1. Quickly run through the range 37-65 and pick out the residues that are under 16 Å from Glu110 (Cα atoms), open to solvent by less than 40 Å² (accessible area, probe 1.4 Å) and assigned to a loop (DSSP other than H, G, I, E, B).
2. Look at Ala66 and say whether it is touching a Gly at 6+ places or on another chain (Cβ under 8 Å) and near the ligand (Cβ under 8 Å from one of its atoms).
3. Take the residues of the range 70-91 that are more than 11 Å from the ligand (Cβ to nearest atom) and under 21 Å from Asn179 (Cα atoms): which is least open to solvent (accessible area, probe 1.4 Å)?
4. Looking at (1) touching an Asp or Glu at 6+ places or on another chain (Cβ under 6 Å); (2) surrounded by 15 or more Cβ atoms within 10 Å (Cβ to Cβ); (3) among the hydrophobic types (A, V, I, L, M, F, W, C), which is the only condition Met1 fails?
5. For Leu162, work out the one condition from (1) in contact (Cβ under 8 Å) with a residue 60 or more places away in the chain; (2) assigned to a helix (DSSP H, G or I); (3) under 15 Å from the mean Cα position of the chain (by Cα) it doesn't fulfil.
6. Please tell me if Tyr150 is aromatic (Phe, Trp, Tyr) and open to solvent by 70 Å² or more (accessible area, probe 1.4 Å).
7. If a residue has to be open to solvent by 40 Å² or more (accessible area, probe 1.4 Å) and either modelled with pLDDT of 95 or more or more than 7 Å from the ligand (Cβ to nearest atom) (or both) to count, how many in the range 167-180 make the cut?
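The values are calculated or read from the model by the stated rules, or taken from the named source; none is laboratory data. Only a predicted model underlies this, so the values are computations on that prediction, with no experimental measurement involved. So basically every Cβ, Gly included, is an ideal-geometry build from the backbone, and we count neighbours across all protein chains shown. Side chains are part of the model used for accessible areas, which takes the heavy atoms of the whole protein and leaves out ligands, DNA and RNA. Shrake-Rupley method; radii C 1.70, N 1.55, O 1.52, S 1.80 Å.
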Amino acid sequence: MNILVTGGAGFIGSNFIRQLLRNHPDDRIVNFDLLTYAGHLSNLADISPQANYVFVKGDIANRQAAEAVIYDNQIDVVVNFAAESHVDRSILDAAPFIHSNFLGVKTLLEAVRKYRLKKFIQISTDEVYGPTTSRFPADENARLNPSSPYAASKAAADLLALSYFKTFGVPLCITRSANNYGRYQFPEKLIPLMVTNTLRGRTLPIYGNGQNSGIGSMLTIIVGQSSW
Ligand SMILES: NC(=O)c1ccc[n+]([C@@H]2O[C@H](COP(=O)([O-])OP(=O)(O)OC[C@H]3O[C@@H](n4cnc5c(N)ncnc54)[C@H](O)[C@@H]3O)[C@@H](O)[C@H]2O)c1
């Protein structure tokens, strides 16, 4: 298969590409990324010489660029990691979040529909469920209750994707995972920030009263099969 991974120069996308190339060496991966402050080609320096991997710089919200990368590379499946991903930044300015997280998804959905691709996989987040007071994880039927512009932009994109499934039969899968951490993560995020501050002897920022719960959900997945 020819797989378009958007946002593949970021934290999770770069780990996903590395894993995909390891487990599916016959697939061809196209990494389409705008290289914002969070995207770094150095995350993939070891695999960039591989013949079945190519990088294309571009914005998922740019219709011409998104359609061209799909058409030129005869893409079968799109996996969308591209996003503005930091909650705190969305509170300072929601505009880039609406642009990439909502309008970008709309542009990709249109392209997937136009070229009748096999699958669109939207990487969403458990943040769409908002804070929980329950001891039990959320599931696919839990109420959407975003509490930041970031979460709202992701929830809006999920609903738009579901509408493309219901209205046009676009085949899709939405994943909503909880917090990830690990190699290549930008140090503004919770775990690397806490680790870095601890190592440097700095104070650890805690929002609210420290009672927030992290068991919103481990991972929920919504699947819509193709009707074409
Ligand atoms: N990090 C987490 O804990 C977590 C948890 C749940 C869901 N998610 C979701 O997973 C996805 C990846 O998260 P991450 O932590 O790897 O993010 P990240 O910020 O590390 O990487 C995002 C990547 O997207 C690229 N990008 C941003 N806007 C773009 C645009 N308009 N066009 C093309 N590329 C663009 C950036 O350059 C960057 O490479 C996001 O959709 C995020 O909402 C993340």
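1. Asp59, Ile60, Ala61
2. Numbers: touching a Gly at 6+ places or on another chain (Cβ under 8 Å): yes; near the ligand (Cβ under 8 Å from one of its atoms): no.
Spelling it out, it is not the case that Ala66 is touching a Gly at 6+ places or on another chain (Cβ under 8 Å) and near the ligand (Cβ under 8 Å from one of its atoms).
3. First, pick out the residues of the range 70-91 that are more than 11 Å from the ligand (Cβ to nearest atom): 70-78, 88, 91.
Those left that are additionally under 21 Å from Asn179 (Cα atoms): 88, 91.
Working: Asp88: 52, Ile91: 118 Å².
Of everything passing the filter in the range 70-91, Asp88 is least open to solvent (accessible area, probe 1.4 Å).
4. (2)
5. (3)
6. No: the conditions fail for Tyr150.
7. As a first pass, look at the range 167-180 and keep what is open to solvent by 40 Å² or more (accessible area, probe 1.4 Å): 167-168, 179-180.
Then drop every residue that is not either modelled with pLDDT of 95 or more or more than 7 Å from the ligand (Cβ to nearest atom) (or both), which leaves 167-168.
The total comes to 2.
For every residue, the table says whether it meets (1) within 21 Å of Phe16 (Cβ to Cβ); (2) in a helix (DSSP H, G or I).
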position: Glu67; (1), (2): no, yes
position: Ile70; (1), (2): yes, yes
position: Arg89; (1), (2): no, yes
position: Pro96; (1), (2): no, yes
position: Asn101; (1), (2): yes, yes
position: Val105; (1), (2): yes, yes
position: Leu117; (1), (2): yes, no
